[in-house]
1. Tabulate in residue order the Karplus-calculated ³J(HN,Hα) for the stretch 277-283, using 6.51 cos²θ - 1.76 cosθ + 1.60 with θ = phi - 60°, rounded to whole Hz; enter x for Gly and Pro.
2. Tabulate in residue order the Karplus-calculated ³J(HN,Hα) for the stretch 378-388, using 6.51 cos²θ - 1.76 cosθ + 1.60 with θ = phi - 60°, rounded to whole Hz; enter x for Gly and Pro.
3. Please compute the modelled spin-label separation between F671 and D656, points set 7 Å along Cα→Cβ, answer in nm with one decimal.
4. Under a point spin-label approximation (7 Å from Cα along Cα-to-Cβ), what is the E395-Y223 distance to one decimal in nm?
5. Once amide H atoms are built 1.01 Å from N in the peptide plane, which residues 5 or more positions from I49, or in another chain, come under 5 Å H to H?
6. Residue by residue, what Karplus-based ³J(HN,Hα) values in Hz, rounded to whole numbers, does the stretch 583-592 have, using 6.51, -1.76 and 1.60 with θ = phi - 60° and x for Gly and Pro?
7. Exposure proxy check: K637, K614 ranked by fewest other beta carbons within 10 Å?
8. Nearest 5 percent is fine: what portion of the DSSP beta bridges confined to the stretch 546-674 is antiparallel?
Amino acid sequence: MKKVISLALLGTTLAFAQAGMMGGSEGLHQINANTLGQWQVNLGTGGNIAIGSWALSRGGVYDAKIGRKGEYKRYSFNDAIYSQAGNFFVSVGVLDFIDVGASLPVFYDHATTKDDKGPSGQGNMWGTSRGDLDLFAKVGLPFASDSTGFFKTALMLDLYIPTGEQCAGVRPRHPWYLNSDEKEFTHPYTADDWVFGAGLAFSFDFNKLGAPITWNLAASYVYPINTKQTQTLVYSTGVNWQALPWMTPFLEFSAEMRLTSKGIYKFDPSVDPMLITPGFRFHLPYNVEFAIGLEVATRLIAEGFDHGADVKGGRDFPIYYQGENNVYAKYGYAGTPLLSGAALLSIALDAKSKPKDSDGDGVADADDKCAHTPAGATVNEEGCPLEELERMAREKAIRDSLALVDTDKDGIVDLNDRCPNTPAGIAVDSLGCMLDFDKDGVGDAQDKCPNTPVGITVDINGCPLDYDKDGVPDFLDKCPNTPAGVEVDSIGCVLDTDRDGIADFKDKCPGTPQGHAVDSLGCLPDFDRDGVADIFDKCPNTLPGVRVDEKGCPLNKKEDLDQLKKGIKFRTGSAKLTKSSYSTLDDIAALMNRIVEANLEVQGHTDNKGSDVKNQKLSERRAEAVVKYLSKRGVDKARLRAVGFGMTQPIADNDDADGRAQNRRVELVPFYNK
């Protein structure tokens, strides 16, 4: 089951063709009431593809009888399953309100089994074939449409010619292919008889009301000549949002529903094709349209990938099928794959022979000297509006009268003067504008920085902008927001002499050695707060207030925790303190009672003799023994804590006795409450 589900999910991503997708101008499956216009042609291909067992039958299983032995086997479509439905279409506008066209479906089913011993190859259930040719027409109905173009209606007619191949494939592509007589066989790619269809399409263009939305509805009644097949209602709806000139998102619902019970098949719309399709349609150059979407069967929404529910849902709709080599099959009817990827590609062509007249003024573009004439304007034989010609004549007369006028007396007549108000006495170029040697937009007479590099933004004096006023122009300033008054380097960044990441004006310790982390004030860390930085501190665990030497070690050895800890001893393999330890612990307790702001963490460590668990527990008990003794000597328990590390943190090699002795130790580490 897991493999079946994974294959079904895997194969729902790509698409090329599905019968029913016949171009149009919106979405994938939806049909609108718009017509192409006389001698406009639309052609292309479109459809879907799915991989996985659910693409072919209910639950992806079928029963088959192979040859004449009467042996029945059950196969699961869980290996190399592939289903495609596609067509090629063309439609032509014979009149402005009538389109005719044709669509030829092409199908492919790849139904095989894991061991490749099933009936798929023998029964011709793995193959490619054409389907029934669909001849269609669309007729716009002016009397049933709104004159403003907001609402349109069209009549749709279809004639399906039985050109499809019999005994091929697995899944019936339309519900009217189902043969209600179980003694006769259903052919997945053809109705095997003539079929007629008629319906209506309705379109609502909300662009006319100021909203970039269109909504389409369509429904057709399909009538097969074969009385053992069921009449069907084909219907769809779709909403399109003109989000961008080149892209339109859409959401569609499309379905095919048998209208009555017939023979072995009862009326049940839930088993017939019903799809929800979100997607995008792209409007490409040269009138090319490309649409892509994901088809989601409503059956998937209701049942999910539930094998048992899907098989149970299709038991009343068995398909009886005869293939080659006396192979018979029976399987559950699946109207559509649970998931499939869909796409459509089309191109629109203009078959009219008359010359193109883009602005509709009656003069062909090839002869039109004014190609963008406003609608309704009166034009001459060259396509130019008469009012425009009169305006041009008036402008010429004015230019002629101004040909010798030079208002600013710079030697350039106003007609050619790009800077007609140049101050008197200023040298100008051939266009009448002040000379600007560095091309910064500030004339040389006012430019206080006449050699500004090309392309640099300048102020009203022609000097490069310096936003933070640090003396480094913005185009060179790598730090353009320096605080006012702060000294900067040649690239406009605040100085950091010791390169510790803290600018000099904030650095409380300006001579920090390079390569060492500092705090927000630029000073080296000092864990025990004794005034000696950690990198120089030889006694980093000094208690608060203890006087230290230049190396950070206490002047009084009885205040040096690193010396005092050496006197803490335990009996071998035990957490009991030796008598020699008591005097040391008394000194530690006295020190802690004198320095009441100090807190102490006692850390127990062992060598590697014995198990991890034993050593861990021993280290914890030893640390707790020290804490318990100090508590008895008056040290508040809230200022103490015990931690055991077992043998995880050796300070010497455990391979010799001396190293193991060093590793059996107690560490005394101050800690600070936040």
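1. 10, x, x, 9, 10, 10, 9
2. Using θ = phi - 60°, the values come out as 7, 10, 8, 5, 9, x, 9, x, 4, 4, 5 Hz.
3. Inter-label distance under the simple model: 3.5 nm.
4. About 6.6 nm separates the two model spin labels.
5. Counting only residues 5 or more places away or on other chains, the set is F16, G341.
6. Ordered by residue, 3J(HN,Hα) equals 5, 5, 5, 5, 5, 5, 4, 5, 5, 5 Hz.
7. Numbers: K637 10, K614 14.
The most exposed by this proxy come first: K637, K614.
8. Within the stretch 546-674, antiparallel bridges account for around 60 percent of the total.
Taken together, the values in this text are just the output of simple stated rules run on the coordinates, not laboratory data. As the structure is a computational prediction, the values presented were derived from the model and not from experiment. Please note: Cβ atoms are built from the backbone with ideal geometry, for glycine as well, and neighbour counts cover all protein chains shown.
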